[in-house]
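Heads up, the thing below is written out as structure tokens.
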């Protein structure tokens, strides 16, 4: 990717050239390629909510995208914001009255021939704007020879507290046994203070958070530790608050693969229900979790800080684990039906965890022994692929795993009923369906035979 810098002077020269070129259309013909393919330009701005006039400004990204167009730009009409909100644009934009024109931003990137850039716009409630006031902003994307495309975004004023989470981090190189400092930081983007808040955190299986006396702890159905803390104090508008020593988290032996530690903040007075299906209990602890003010109050909330939730993403923790295939040996005579139980066992200590992706783990493939026919199978297993199109290849059955996590020490099995048609066939086998999140530390036991004699 390459950066593209479009200066204000270049924009004005382009606009002038457009006027001159139109006036002298009979003198200098426009190249045929430009006529045939003028390219395209599009823009997008989300709906915007700002707090009252005394609140910090909110930074919102106006996205501009273009392929093949000359002088792509966006023109913004602010007329519909009168008395409701103001909008401040960066220096590379040109303002004329209530109209603002921004070229493709200097930080735009070119990816496979498409330019994409973002224009940071700072919105504030206008002086005297009241709760519930709304206005509209019209913006038009165009190039020198493209058809203009106009859209509108609604700007709404909402008075009151507005807690936002400031954490969005990605951490690499984390190993089992590490002590990980997890940041916790919030800001009140509203125009009224917040008195006391609730902080809810979720640590995926393997991660062990420190104990605080004003927090309660529980385990959810995918073995994640859920932490709910009541944090006392007054959180003034614009003031950033942090857990100064950060939240010490031990990377335990069950930790395996990528993890996402989530956090969610809300005013205690209007907090929603507690996490369902989790029994929360206090732990013995000497310290309390306290959020302290840091620095001066923010005059403008940065772009990207838009919600009550935050995260710390851990990339690819290389924990140890060993998934072992569980085969079977049964006996019977031709014509009899026998039951075989096959599956996988996680010897640990790592726990395959697909809660980030939403996929299941611990699924396996079962190939019955030659000379047998499956006459009964569990509902969690079905033929993998089209049996008729497999030719001479043996039928293969796929069995679902136990869920989003495959706990250490768990044996996950399925029972099949096999009719014995002959006793001269080759053994079948069972093995994992995929090696998630990687090939385990002992791949030699990943495949096990299934025999009938």
Query - Average Cα contact separation per residue, the chain, under 8 Å, 6 or more apart, as relative contact order % - result: 14
Report task. Classify the stretch 91-243 as rounded, prolate or oblate, taking a ≥ b ≥ c as the square roots of the eigenvalues of its Cα gyration tensor: rounded when a/c is under 1.5, otherwise prolate if a/b is larger than b/c and oblate if not. Result -> oblate
Query raised in the report: If contacts are Cα pairs under 8 angstrom and at least 6 residues apart, what is the relative contact order of the stretch 323-452 in percent?
Result: 41
Requested in this report: Go ahead and run the numbers for FRET between residue 281 and residue 244, Cβ-Cβ distance against an R0 of 25 Å, rounding to 0.05.
Outcome: 0.40
Report summary line: Stretched fully, the stretch from residue 395 through residue 145 gains (0.36 nm per residue minus C-alpha distance, one decimal, in nm) 84.0 nm
Query - Burial order of peptide ranges 179-185, 55-61, 295-301 (average beta-carbon count within 10 Å, highest first) - result: 55-61, 179-185, 295-301
Report summary line: Rounded to 0.05, the calculated FRET efficiency for the beta carbons of residue 318 and residue 236 at R₀ = 41 Å is 0.40
Report summary line: The distance between the Cα centres of the stretch 395-424 and the stretch 350-380, in whole Å, is 6
Requested in this report: For the chain, just say rounded, prolate or oblate: build the C-alpha gyration tensor, square-root its eigenvalues into a ≥ b ≥ c, call rounded for a/c under 1.5, and beyond that prolate if a/b exceeds b/c, oblate if not.
Outcome: oblate
Requested in this report: Take each of the peptides 129-141, 249-261, average the number of other beta-carbon atoms within 10 Å over its residues, and list them starting from the highest.
Outcome: 249-261, 129-141
**Report entry** Angle in degrees between helix 8-23 and the longest Cα principal axis of the chain, rounded to the nearest 10
**Finding:** 70
Requested in this report: Give the order of 379, 42, 51, 170 when sorted by the count of other beta carbons within 10 angstrom, beginning with the fewest.
Outcome: 379, 170, 42, 51
Requested in this report: Take the alpha carbon gyration tensor of the stretch 163-317, find the square roots of its eigenvalues, order them as a ≥ b ≥ c, and report rounded if a/c is under 1.5; if not, report prolate when a/b exceeds b/c, else oblate.
Outcome: prolate
Query raised in the report: Sorted from fewest to most neighbouring beta carbons within 10 Å, what does the list 397, 40 look like?
Result: 40, 397
Query raised in the report: Quick one: which of 334-341, 227-234 comes out on top by average Cβ neighbours within 10 Å, and what's the full order, highest first?
Result: 227-234, 334-341
Report task. Treat each spin label as a single point 7 Å out from the Cα along the C-beta direction, and report the residue 439 to residue 196 distance in nm. Result -> 5.7
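The numbers here are math on the coordinates, done by the rules we state, and not lab data. None of these values were measured; they are calculated from a predicted model. Using ideal geometry, Cβ is built from the backbone for each residue, glycine included, and neighbour counts are taken over all protein chains shown.
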